[in-house]
Amino acid sequence: MNNWIRQEIQQLSAYHVPESGNAIKLDAMENPYHWNIDQIEAWLEVVRNASLNRYPDPSASEVKQKLRSVMQIPDNMEIILGNGSDELIQMLALALNDEGRVLLAPEPSFVMYRMIANFVGMQYIGVPLQVGDFELDMFAMLEEIEIHQPALIFLAYPNNPTGNSFSIDDIEAILETTSGLVIVDEAYAPFAEYSFMSYLDKYPNLLVMRTLSKLGLAGLRLGFLVGSKEWLEQIEKLRLPYNINSLTQLSTVFALQNYGILEQQIQNIKLDREYLAEQLDIIDGIHTWPSQANFILFQTVNAKKVFERLKARNVLVKCLHGSHPTLANCLRVTVGTPEENKIFLQVLEQVIEA
Ligand SMILES: *Cc1c(COP(=O)(O)O)cnc(C)c1O
């Protein structure tokens, strides 16, 4: 084995997802709301007719059509679907990697950019965000772009795990400076005020990536990439046939036909986010950062201990301490239901006082 598995792979540690059992799960940016009985019945009626003996529609055309109308995708742009946006990141890295090619992203950001660069043997450059406000450090970004001429740049907008949206002017400056491909990863678009979808016409080296995961359909695994035919017809060649299974296709079309329900949930999550941030800020020794996503990054004293004690009391958040120097003593909490948020706040206060 040692002789054959690539050294880069042997050195990787596997992406760890903790078992959650019956904990209050506020660690993975999931939408906390279930469908009601009527919705479930209507959905079961749809999947009842699935032909599981047949391969799925290879182009998932109904899914794409629905996405187009619900997500304001410009008519002149193409769509590629992925098994989650993680798969799209992988397709992009496979398509653009070559001898000496670089994938660049600010840090801290979504960890899969670095991991997938490693998977495909592409050089990865992480450029630290500004300390304090987690904005892009434009001096460093433009310098690293100049030095490495990256083939691929990923900008999470809003950013995970910091929750902020980078300055639009800064992103435009990057689009104008680099000759490589820039992916604006809008996984949290439903919770944000602004999108780069309308910039696709202006910048030929821009693609916008989205996912249904954070919106409320994490179990379906559906991500999509939007951009010009020129880029997408090349990247499409790397898509494995039938990567979007029949049940995902049927369920996505059904869910998007009922998009109003998800929209209402998102409105509630956004309101609860503001309330949760206010309440966190009141607690002594806690500092929060503004969020455009469905989670809040906050700093506390002895985050590791706070994390362990929350976990011991059945509340699961994400501990970011140790993952990046700028995230010392930081935790990330997903906005849950009002009841979950209340329990989280209560337990957190007790844990901190102790
Ligand atoms: C969660 C997340 C993704 C991955 O989403 P999937 O579609 O579930 O694979 C991509 N980008 C960012 C920034 C994320 O936070």
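The values are calculated or read from the model by the stated rules, or taken from the named source; none is laboratory data. Keep in mind that this is a model prediction, so the values were computed, not measured. Every residue, glycine among them, receives a Cβ derived from its backbone with ideal geometry; neighbour counts consider all protein chains shown. Keep in mind that these areas ignore ligands, DNA and RNA; they rest on the heavy atoms of the full protein, side chains included. Shrake-Rupley method; radii C 1.70, N 1.55, O 1.52, S 1.80 Å.
Could you tell me which residue out of GLN90, ILE171, THR248 lies farthest along the dipole of segment 50-258 toward its positive end? Charges go on the beta carbon: Lys and Arg +1, Asp and Glu -1, centred on the Cα centre.
It is THR248.
Can you tell me the alpha carbon radius of gyration of the chain divided by the globular rule-of-thumb value 2.2 N^0.38 Å?
Working: Rg = 20.7 Å, N = 354, 2.2 N^0.38 = 20.5 Å.
In units of the globular-protein estimate, the chain measures up at 1.01.
Working out 0.36 nm times the residue gap between TYR15 and ASN314, then minus their Cα-Cα distance, what length gain in nm do you get to one decimal?
Result: 105.4 nm gained on full extension.
For the chain, what is the charge dipole size about the Cα centre, in debye to the nearest 20, if Lys and Arg each add +1 at the Cβ and Asp and Glu each add -1 at the Cβ?
1180
May I ask you to derive the FRET efficiency for THR326 and SER198 from their Cβ-Cβ distance with R0 = 35 Å, giving the value to the nearest 0.05?
Step by step, r from the Cβ atoms, then E = 0.65.
Please give the net charge around THR162, taking every other residue with its beta carbon less than 11 angstrom from that of THR162, where Lys and Arg add +1 and Asp and Glu add -1. Numbers along the way, then the final one.
Details: positive: ARG332; negative: GLU107, ASP133, GLU135.
Here the count lands on -2.
Hey, quick one: spin label on LEU52, modelled 7 Å out along Cα-Cβ, who in segment 211-237 has an amide N within reach, i.e. under 20 Å?
Those under the cut-off are 219-222.
Could you check how much of the accessible area of the chain is carbon and sulfur, as a whole percent, using a 1.4 Å probe?
Numbers: 8730 of 17330 Å².
Answer for the chain is 50 percent, counting heavy atoms of protein chains only.
What is the Å³ per residue value for the convex hull set by the Cα atoms of segment 1-145? It would help to have the intermediate numbers written out before the result.
Values: hull volume 37.2 nm³, N = 145.
In segment 1-145, the Cα hull volume divided by residue count equals 257 Å³.
Evaluate the charge dipole of segment 50-258 about its Cα centre and quote only its size in Debye, nearest 20, assuming +1 on the Cβ of each Lys and Arg and -1 on the Cβ of each Asp and Glu. It would help to have the intermediate numbers written out before the result.
Details: 13 positive and 26 negative charges, 236 e Å.
The dipole magnitude comes to about 1140 debye.
Can you order the peptides 146-153, 280-287, 67-74 by their average number of other Cβ atoms within 10 Å per residue, highest first?
146-153, 67-74, 280-287
In what sequence, largest accessible area first, do TYR124, TYR242, TYR275, TYR157 appear using a 1.4 Å probe? Mind dumping the intermediate values first?
Numbers: TYR124 45, TYR242 90, TYR275 120, TYR157 10 Å².
Correct descending sequence by accessible area is TYR275, TYR242, TYR124, TYR157.
Within segment 202-230, find all residues whose amide N lies under 16 Å from a label point positioned 7 Å from the Cα of GLU263 along Cα-to-beta-carbon.
Residues 215-216 qualify, since their backbone N sits under 16 Å from the label point.
Report the FRET efficiency, 1/(1 + (r/R0)^6), for GLU349 and GLU99, where r is their Cβ-Cβ distance and R0 is 41 Å, rounded to 0.05.
The value I calculate is 0.15.
Report the full-extension gain for the segment TYR275 to VAL253: residue separation times 0.36 nm, less the Cα-Cα distance, to one decimal in nm.
Net length gain for the segment: 4.6 nm.
Consider a paramagnetic label point 7 Å from the Cα of TRP43 along Cα→Cβ; state which residues of segment 239-260 have an amide N under 15 Å from it.
Answer for this model: 247-260.
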